[in-house]
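Have a look at the structure below, then the notes.
Every number here is computed from the coordinates shown, using simple stated rules; none is lab data. This is a predicted model, so every value here is computed, not measured. With ideal geometry, Cβ positions are generated from the backbone for all residues, glycine too; neighbour counts draw on all protein chains shown.
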Amino acid sequence: MAEDHNDLHAPHAELEARLRRLGRSVDVPAAPDYATRVRERLTSGSPTTRPAAPVGWLRPLATAAAVLVVAVAVVLSVPATREAVADLFGFDGVRVRSLPTAAPSPRTTIDANLDLGESVTLEQAHQQVSFPVSVPSVPELGAPDSVYVRDERGLESVSLVYRPRAGFPAGVDTQVGVLVSEYSGSAIPYFEKLIEAGAPMTQVTVAGRWPGLYFATPHEVLVQTPEGVVHEDRPRLSGPTLVWVRGGVTYRLEAAVDLQQALAVASTFE
Amino acid sequence: MTRPVVTAAVTDSALVEAARSGDVASYGLLVERYQSIAHRTAFAMGAGDDTADVVQEAFVKVYLALDRFQVTQPFRPWLLRIVVNETRNRWRWMSRHRTVPLPLVGDDLTAAVPAPEQVAEERETSRLLRDAVVALPPHQREVVVCRYLLDFSERETAQVLGIATGTVKSRLSRALAALQATLRPTMAPAAMDAEGRRG
């Protein structure tokens, strides 16, 4: 290097000193009160405290660039909250869209109206999708009455339909007791946004380890495929919804059951 | 602007722990503690007019990423690294040919206010040096800005830029050699003319 001939004393001592002086003479514009701004950002539309545990799985993902370019559709009933979402995530590369509440069509009585894809056997489903299909093992639930697969623009999904049975009554407008949807992708970026926005829901952990959200009302789910494509899937039933993510698969359980029961079912998936 | 006084006895890691468990107020204290250096860093790294947005976004991202922070490590370089990354991201969204804005105090005064010769000379040297820093290849400019203009230690420079200290050393060495020429205008007139940035 050209500096090899330099003497043993700091060869650029004067230059270094000048650079430090230069740093002090940079005309930095006045800083706003970030502390107040950030506090407002973090608390707008949500309680002043961070969502309670378990959320440890969320934040590591939050800084991933992928998370920030995900398009979001959020069903929110409170305008203030909707604005909070837009405020929090409405920066470059992120589009936040509010949707009218996507309630399923009333009096949906047969699977066809649920628009779940191609009817297959459970065996065929295992073979047709690239991710491992999981099935709840709850004695009262037994085996699914029908199974559907779908591959829409790279998003693979499997749906398990259970007719109403003891402990799993029909929803107000369907002949379905439990509907399970499984998607090849992660919904975590979407969870992150909902949580930060303070949307009405409960954060849960399924089987002691998998992050999930429970909604008392129907909810669409946004899934990001490994290729980064974001898909949304509308709710099919009008009951409570539990969404969780295990590995690279997102699960949605729609059933007219309470949180505890939904969690009990979810924890048996294998 | 009055702000609550941050008690030195409360460590960064204690505030991080509290923020992780849901205490936004504790996170606010961390922001207060570092907002000045974060602002300065983003601006010096080239955030320009976007500095306030960049820093605010960075603080939100830091909050969302708190679980990734190892409390045994210093918080400041970890935070500043996110600030720098946010600055770089913002940079990518804009024209790649835009020059890093690095205005100096007194930049706009020189013409109007006559200064003693020595002061004027000093200012002129500063300006030449600033222009030379801005004209450095980005990797070299970043280490010079962190190490000298922001006066970070070599270690912190490495942490903030996400590179090895050896890399900091080698980039600095190359950058200083290039900058040295601007301090010896009489010895390198050709280089200065080539710069053509005196206006």
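Projected label points at B:GLN70 and B:GLN118, each 7 Å from Cα along the beta carbon direction, are separated by 5.0 nanometres.
Within 10 Å of each Cβ of B:26-34, how many other protein chain Cβ atoms are there on average?
Values: counts 1, 5, 8, 1, 2, 8, 6, 1, 2.
Neighbouring Cβ atoms belonging to other protein chains average 4 per residue here.
Peptide B:118-130 shows a mean partner chain C-beta count of 2 within 10 Å per residue C-beta.
Evaluate peptide B:56-62: per residue, the Cβ atoms of other protein chains within 10 Å of its Cβ; return the mean as an integer.
Neighbouring Cβ atoms belonging to other protein chains average 6 per residue here.
For the peptides B:116-128, B:39-51, B:12-24, residues were scored by their other Cβ atoms within 10 Å and the scores averaged per peptide; the highest-first order is B:39-51, B:12-24, B:116-128. Here the label points at A:ASP145 and A:ARG21, each 7 Å from Cα along the C-beta direction, are separated by 8.5 nm in the simple model.
Shape summary of region B:12-93, radius of gyration then Dmax from alpha carbon positions: 12.3, 36 Å.
Simple spin-label estimate for B:SER153 and A:GLU270 gives 5.3 nm between the two label positions (7 Å along the Cα-to-Cβ direction from each Cα).
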